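Student: Structure provided below as structure tokens; questions to follow.
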Amino acid sequence: MSVAIESLFTSALGLQLPWSVQTVALDTARRRIDFTLTCSAKQLRCPLCQAPEQRVHDRLHREWRHLDFFQFEAWLHAEVPRIACSACGKTTQTEVPWAREGSGFTALFEALALSLCQELPVRQVAALLRCQDKQLWRRIKHYVDAARALDDMSGVKLIGIDDTSLHKGQSYITVVHDLDAKRLLFACQGRDHQTVVDFAAELKAHGGDPKQIEHVCQDVSAAYAKGVGIALPEAQISYDRFHVIAMANEAMDEVRREETRTQPKAIKEALGDNDRKLLRSLAWGMRKNPEGWTVKQTHAMHWLQHSTLKSARAWRLKLALRAVYAKAAQSNNAQQASQELSAWISWARRCRLEPFKKLAKTLSGKLDAVVRGMLDNRSNAYVEAMNGLLQQAKRAARGFRNPAYFISIAYLRLSKLKHLPANPLVNALPKANVLIHRCL
Ligand SMILES: [Zn+2]
């Protein structure tokens, strides 16, 4: 190829002296383009002790996958100098400006992969870029760890603690969010009180102060409350709506399941039918808001409301609790919310449905924290939204049962990290003359 082509690619690759493109080989049959880069310097700075003008000892062949060139897979090749340093006495391979030490991908290729992994499942990104997903997972971890090392957590005052399971009912992971900045601060395996203690240490290591945490929104787990007591001394706990309503839904499901098992005749009489589909419509109808009911669910719920089933009572109790929350959000009055909640608790205590009696007992034991969660509207929508994003992160990590990978992708997607490499694919700036033309 002509010299002009080589110098064109030297600029396009952003190379500066002593590095330049020596040859460009396009192989249309193999759909790849290979660039050979060369370093013209005979002497270089020692990468270890920075002593200038050290002798090049030898050169080792290395290659890197780069961003595609049109439809061609692009590869860079270079003989990378090793410096024999007279100052420190060590022989060290010099760094190349286009790639990290030890990586077989250029920095731009890694940046693109990382940007894609924020949106697509990792396996899909690997297929798109024609590389192994394992290679991508290693790089996600590398860049996330590097970006998190520089993450600033000073000023964090309001947090949400939650758990999520990687596989149904096992491999629990605790996640801590900054509810003001709406981002994930910390994730680790387990869901005991130690996870909160570990978070406090992490917060400190990133410029935050555990004593500055004023407020923690969490589920009613005693383990997290214990951790908060130990490590976040000034924090007030509130139990958020999302978790309390989830508990009411669970209690309601328990009543329905029990009744379906022990009183199938009563259910059949009430619904007029007990085929499996109708029973399933009932289960979903009871969980969903009325405005989301399908025709079948509306039908099942109509008959439920006209019955004397325990399930009907359980459903009314859940609706009433939702109404208590809705009213509290409107009034934002602690005393009023506390009265309304107490009235609901005393109804639930007398309802002769064991799961609701249990729930009433749990809530009355933590009345103040539950009421705080009713008024404290800031956490609720966010906790639910975060849950959705975490589910997406789980799908992105599908096929990889390693919790560390899930934690890395969760940080990549939910932490708003400021020190990640930027996506290299950006819009071209408009041509100057086009702009002038338009202005005229
Ligand atoms: Zn040296």
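The values are calculated or read from the model by the stated rules, or taken from the named source; none is laboratory data. A quick note: this is a predicted structure, and the numbers were derived from the prediction, not measured. Positions of Cβ are backbone-derived with ideal geometry, glycine not excepted, and every protein chain shown enters the neighbour counts.
Student: Quickly run through the range 274-310 and pick out the residues that are touching an Asp or Glu at 6+ places or on another chain (Cβ under 9 Å), under 22 Å from A326 (Cα atoms) and of a type in the set (D, E, K, R).
Tutor: R287
Listed here are the residues, each with its yes/no results for (1) within 16 Å of the ligand (Cβ to nearest atom); (2) of a type outside the set (K, R).
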residue: Q16; (1), (2): no, yes
residue: S20; (1), (2): no, yes
residue: T28; (1), (2): no, yes
residue: R31; (1), (2): no, no
residue: K42; (1), (2): no, no
residue: Q50; (1), (2): yes, yes
residue: E53; (1), (2): yes, yes
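Student: So if I check each of R100, R59, which one is charged (D, E, K, R), away from the ligand (no atom under 16 Å from the Cβ) and closer than 21 Å to Q135 by Cβ? Let's see the steps before the verdict.
Tutor: On the way: R59 fails: closer than 21 Å to Q135 by Cβ.
Exactly one of R100, R59 is charged (D, E, K, R), away from the ligand (no atom under 16 Å from the Cβ) and closer than 21 Å to Q135 by Cβ, namely R100.
Student: Mind checking which residues of the range 183-213 are modelled with pLDDT under 95 and over 23 Å from L166 (Cβ atoms)?
Tutor: Hits for the range 183-213: nothing passes.
Student: Please verify whether W315 is of a type outside the set (G, A, S) and closer than 15 Å to E259 by Cβ, treating the condition exactly as stated.
Tutor: yes
Student: Taking the conditions exactly as written (farther than 17 Å from A404 by Cβ, more than 18 Å from the chain's Cα centre (by Cα) and crowded, with 21+ Cβ neighbours inside 10 Å), does G155 satisfy them or not? Talk me through it step by step, then tell me what you get.
Tutor: Details: farther than 17 Å from A404 by Cβ: yes; more than 18 Å from the chain's Cα centre (by Cα): yes; crowded, with 21+ Cβ neighbours inside 10 Å: no.
When the stated conditions are applied, G155 does not pass them.
Student: Also, I was wondering about something else. On the basis of being touching a strand residue (DSSP E or B) at 6+ places or on another chain (Cβ under 8 Å) and either in a helix (DSSP H, G or I) or farther than 23 Å from D34 by Cβ (or both), does S165 make the cut?
Tutor: Criteria met by S165.
Student: Just give me the residues in the range 224-242 being of a type outside the set (S, T, N, Q) and buried (at least 18 other Cβ atoms within 10 Å of the Cβ), in sequence order.
Tutor: Y224, A225, G227, V228, A231, L232, A235, I237, Y239, D240, R241, F242, listed by residue number.
Student: Is it true that A87 is in contact (Cβ under 8 Å) with a residue 40 or more places away in the chain and within 16 Å of the ligand (Cβ to nearest atom)?
Tutor: Numbers: in contact (Cβ under 8 Å) with a residue 40 or more places away in the chain: yes; within 16 Å of the ligand (Cβ to nearest atom): yes.
Spelling it out, A87 is indeed in contact (Cβ under 8 Å) with a residue 40 or more places away in the chain and within 16 Å of the ligand (Cβ to nearest atom).
Student: Yes or no: V122 more than 16 Å from the ligand (Cβ to nearest atom) and either hydroxyl-bearing (S, T, Y) or modelled with pLDDT under 95 (or both)?
Tutor: Answer is yes for this residue.
Student: Could we say that A25 is modelled with pLDDT under 95 and closer than 28 Å to Q71 by Cα here?
Tutor: Considered against the rule, which asks whether it is modelled with pLDDT under 95 and closer than 28 Å to Q71 by Cα, A25 comes out as no.
Student: Then there's this: Could you pull out the residue among Q194, Q124, Q135 that is more than 30 Å from L76 (Cα to Cα) and assigned to a helix (DSSP H, G or I)? Show your work before the answer.
Tutor: Values: Q124 fails: more than 30 Å from L76 (Cα to Cα); Q135 fails: more than 30 Å from L76 (Cα to Cα).
So the residue among Q194, Q124, Q135 that is more than 30 Å from L76 (Cα to Cα) and assigned to a helix (DSSP H, G or I) is Q194.
Student: Taking only pairs six or more apart or across chains, which ones have beta-carbon atoms under 8 Å, a first residue in the range 1-27 that is in contact (Cβ under 8 Å) with a residue 60 or more places away in the chain and closer than 18 Å to E73 by Cβ, and a second residue that is surrounded by 11 or more Cβ atoms within 10 Å (Cβ to Cβ) and not acidic (D, E)?
Tutor: L13/V21; L13/F35; L13/L37; L13/H66; L13/L76; L13/W98
Student: Still on this structure, I have one more. For residues that are of a type in the set (V, I, T) and touching a Phe, Trp or Tyr at 6+ places or on another chain (Cβ under 6 Å), scanning just the range 159-180, find the one that is modelled with the lowest pLDDT. Quick ask: steps written out before the conclusion?
Tutor: Narrowing the range 159-180 to residues of a type in the set (V, I, T): 159, 161, 164, 173-176.
Subsequent filtering for residues that are touching a Phe, Trp or Tyr at 6+ places or on another chain (Cβ under 6 Å) retains 161, 176.
Numbers: I161: 92, V176: 95.
Here the residue is I161.
Student: When residues of the range 328-339 are filtered for being surrounded by fewer than 21 Cβ atoms within 10 Å (Cβ to Cβ), part of a helix (DSSP H, G or I) and in contact (Cβ under 8 Å) with a residue 12 or more places away in the chain, how many remain?
Tutor: 3
Student: Considering the range 90-99 alone, what residues qualify as being surrounded by 17 or more Cβ atoms within 10 Å (Cβ to Cβ) and either part of a strand (DSSP E or B) or without any contact (Cβ under 8 Å) to a residue 40 or more places away in the chain (or both)?
Tutor: Scanning the range 90-99 gives T92, Q93, A99.
Student: Residues that are surrounded by fewer than 18 Cβ atoms within 10 Å (Cβ to Cβ) and hydrophobic (A, V, I, L, M, F, W, C), at least 2 per element: which strands (runs of 3 or more DSSP E) completely within the range 22-85 meet that?
Tutor: 54-69, 72-84
Student: Let me ask something else. Among residues belonging to the range 209-232 that are part of a loop (DSSP other than H, G, I, E, B) and more than 21 Å from the chain's Cα centre (by Cα), point out the one that is farthest from V370 (Cα to Cα).
Tutor: Step by step, filter the range 209-232, then rank; the result is D209.
Student: Now for a separate question. List the number of the failed condition for A113; all other conditions in (1) part of a loop (DSSP other than H, G, I, E, B); (2) under 23 Å from F35 (Cα atoms); (3) touching a helix residue (DSSP H, G or I) at 6+ places or on another chain (Cβ under 6 Å) hold.
Tutor: (1)
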